[in-house]
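Some notes on the structure that comes next.
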Amino acid sequence: MDYSWLSLPATAVDTAARELLGWRMTANGVTVRLTEVEAYSGLGADPASHAHRGRTARNAVMFGPAGRLYVYQIYGMHFCANIVCGEEGRAAAVLLRAGEVVDGLETARGRRPAARKDSDLAAGPAKLMQVLAVNRSANATSVIDGTGPATLAPPSSPRGAISSGPRVGVTSAHDVPWRFWIAGDPTVSTYRRHTPRSRKVSEAAGEPAP
DNA sequence: CTAGTGATGTACT
DNA sequence: GTACATCACTAGC
């Protein structure tokens, strides 16, 4: 299997992101065809990246070799996963944002009872992790050497046209069009501008709970 | 369809 | 203490 594109220079992580579209990720009995991704670089080049301010305990995986998962928890209850790209020592990763369930459909439906349509089973980064049953324990595992719970396989058919646009939910770098998706695919998550969290009044005033 | 918000844990300042 | 690469649900067009 040729995974060399994963190790392209960190500055070309957008190329790796485009290549990743249409690839299939299998984990825990469910296979998903990737339809939407976002590229993140690090070290000053990309203020939206978790690695922008340097290496920390959380983002250390992004500085490692390509082909491993960077899984993090967000908003206390959701998991998102990236595939690490670029050379070792330089931070770069591609966030997996959405996909189409192509195998293990019944299992996927069981894991996503809130989904009304099959196209909504994995139409978002946290939904994708839910159908694949991937969580923090998969952090830093490889998707290319078979040692981890998830594996990556090439597209089974040619992918269609690729569209690009600003990344979702990030508060900075809205002018960098590093979100890529397969044009017209119904499983792509709908774009929503980031809505700032407004703190509750009682919390802002420092009042204790009733 | 859009806009608003509660739930919830952790890393980092 | 605060921000966060989110989702599901509600209310109101």
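Here is how the number arises for chain A: DSSP H runs of 4 or more residues each give -39500 (n - 2.57), the sum is divided by the residue count, and the result at 222 nm is -3000 deg cm²/dmol. Each other residue within a Cβ distance under 10 Å of A:H174 adds +1 if Lys or Arg and -1 if Asp or Glu, for a net charge of +1. Could you pull out which residues in the range A:71-110 have an amide N less than 14 Å from a spot 7 Å beyond the Cα of A:M1, following the Cα-Cβ vector? Inside the label zone: A:83-84. When the charge dipole of the range A:4-204 is built from unit charges on Cβ atoms (+1 for Lys and Arg, -1 for Asp and Glu) and taken about the Cα centre, the candidate among A:L132, A:V30, A:G76 whose Cα reaches farthest toward its positive end is A:G76. Each Lys or Arg adds one and each Asp or Glu subtracts one; over the other residues with Cβ under 9 Å from the Cβ of A:F63, this totals +1. Database remark: amide H of A:F79 closer than 5 angstrom to the amide H of A:I74 (H placed geometrically; neighbours at sequence offset of 5 or more, or on other chains; Pro and chain starts carry no H). Judged by the ratio a/c of the largest to the smallest principal axis of the C-alpha gyration tensor, the range A:4-204 counts as rounded, that ratio being less than 1.5.
Here's how it looks for A:A92: its modeled amide H is under 5 Å from those of A:C85, which are all 5 or more places away or on a different chain. Starting from the Cα gyration tensor of the range A:53-104, take the square roots of the eigenvalues, sort them a ≥ b ≥ c, and report rounded, prolate or oblate (rounded when a/c is under 1.5, otherwise prolate if a/b is larger than b/c, else oblate). Oblate shape, in that a/c is at least 1.5 and b/c is the bigger or equal ratio. Using a Gaussian network model on chain A with a 10 Å cutoff between Cα atoms, which of A:D145, A:D14, A:D46 fluctuates the most? Largest GNM mean-square fluctuation: A:D145. Each Lys or Arg adds one and each Asp or Glu takes one away; over the other residues whose Cβ falls under 14 Å from the Cβ of A:D118, this sums to +2.
Any read-out appearing in this document is the output of simple, stated calculations on the displayed coordinates, not a laboratory observation. Just so we're clear, the structure is a prediction, and the values are computed from it rather than from any experiment. Here the Cβ is made from the backbone with ideal geometry for all residues, glycine too, and neighbour counts use every protein chain on show.
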